[in-house]
Amino acid sequence: MITREEALALLKEHIKSDAMIKHSLASEAIMRAAAKELGEEEEKWGIAGLLHDIDVELTGGDHMRHAFESRPILQGKVDDDVIDAIEMHNAEVKNLTREKKLDIALTACETISGFITAIALIYPDKKVASVKVKSITKRMKENRFAAGVSREKILECEKIGIPFERFAEMSLKAMQDAAPSLGL
């Protein structure tokens, strides 16, 4: 498996959007926290989070192809279960069901990263440091807020044994710790 530095270089080779790179870094931070919480491999899970959208520019954001074009890019560089998890974060388009812990975690983690970012951006200082767990739980119930964010995907955290409130707290802390690299 490639190192974190090699993974970041590979990401930057395929993704030019600063916002997408920051989303990938946030997803990585949350995946590392989830791995720690669950006693899983932090490096592997972090790299899965970092690389999960590596094909988004290649596919032009085409939801029917996104995630499924990553295999040729990543084959031989990361473990097959990482590639599988990356594909499974877009399982719905192929009527697939996430069952493996890594697949479920990646989906929930990358989704909540965008949700927390959306919350941070409504604060005057636009800083993740201003976000509270209570804000996350409150906004989850407001379907009009960040309407494009799937609450169902975030709540998949419970399928792997992390109650939502704990997941929100863990994810927020991970993003706050990574805030300088996220520009938040």
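The values are calculated or read from the model by the stated rules, or taken from the named source; none is laboratory data. Bear in mind the structure is a predicted one, so any value in this text is a computation, not a measurement. We place every Cβ from the backbone using ideal geometry, glycine too, and count neighbours over all the protein chains shown.
Points worth noting:
- Filter pass, Asp53 being under 17 Å from Ala9 (Cβ atoms), modelled with pLDDT of 95 or more, out of contact with any Lys or Arg (no Cβ under 6 Å at 6 or more places or on another chain) and not aromatic (Phe, Trp, Tyr): yes
- Residues located in the stretch 100-155, provided they are among the charged types (D, E, K, R), over 24 Å from Glu37 (Cα atoms) and either in contact with a Cys (Cβ under 6 Å, 6 or more places away or on another chain) or surrounded by fewer than 13 Cβ atoms within 10 Å (Cβ to Cβ) (or both): Asp125, Lys126, Lys141, Glu142, Arg144
- Of the residues making up the stretch 151-184, just one is modelled with pLDDT under 95, of a type in the set (Gly, Ala, Ser) and at negative phi, namely Ser181.
- Of all residues in the stretch 35-60 being in contact with a helix residue (DSSP H, G or I) (Cβ under 8 Å, 6 or more places away or on another chain) and over 20 Å from Thr3 (Cβ atoms), the one that is surrounded by the most Cβ atoms within 10 Å (Cβ to Cβ): Asp55
- Extreme residue, surrounded by the most Cβ atoms within 10 Å (Cβ to Cβ), among residues of the stretch 61-86 that are closer than 19 Å to Cys109 by Cα and in contact with a Ser or Thr (Cβ under 7 Å, 6 or more places away or on another chain): Ile86
- For the condition at negative phi and touching a Leu at 6+ places or on another chain (Cβ under 9 Å), Lys127 qualifies.
- Close pairs from the stretch 46-63: first without any contact (Cβ under 8 Å) to a residue 12 or more places away in the chain, partner among the hydrophobic types (A, V, I, L, M, F, W, C) and part of a loop (DSSP other than H, G, I, E, B), Cβ under 9 Å, at least 6 apart: Thr59/Ala67; Thr59/Phe68
- Subset of the stretch 1-45 that is free of Cβ contacts under 8 Å to residues at least 12 places away in the same chain and of a type in the set (Gly, Ala, Ser) - its residue that is farthest from Ala168 (Cα to Cα): Ala9
- Residue tally, condition under 23 Å from Arg98 (Cα atoms) and basic (Lys, Arg), over the stretch 127-182: 4
- Restricted to the stretch 162-183, and to residues there that are touching an Asp or Glu at 6+ places or on another chain (Cβ under 9 Å) and part of a loop (DSSP other than H, G, I, E, B), the residue that is surrounded by the fewest Cβ atoms within 10 Å (Cβ to Cβ) is Gly183.
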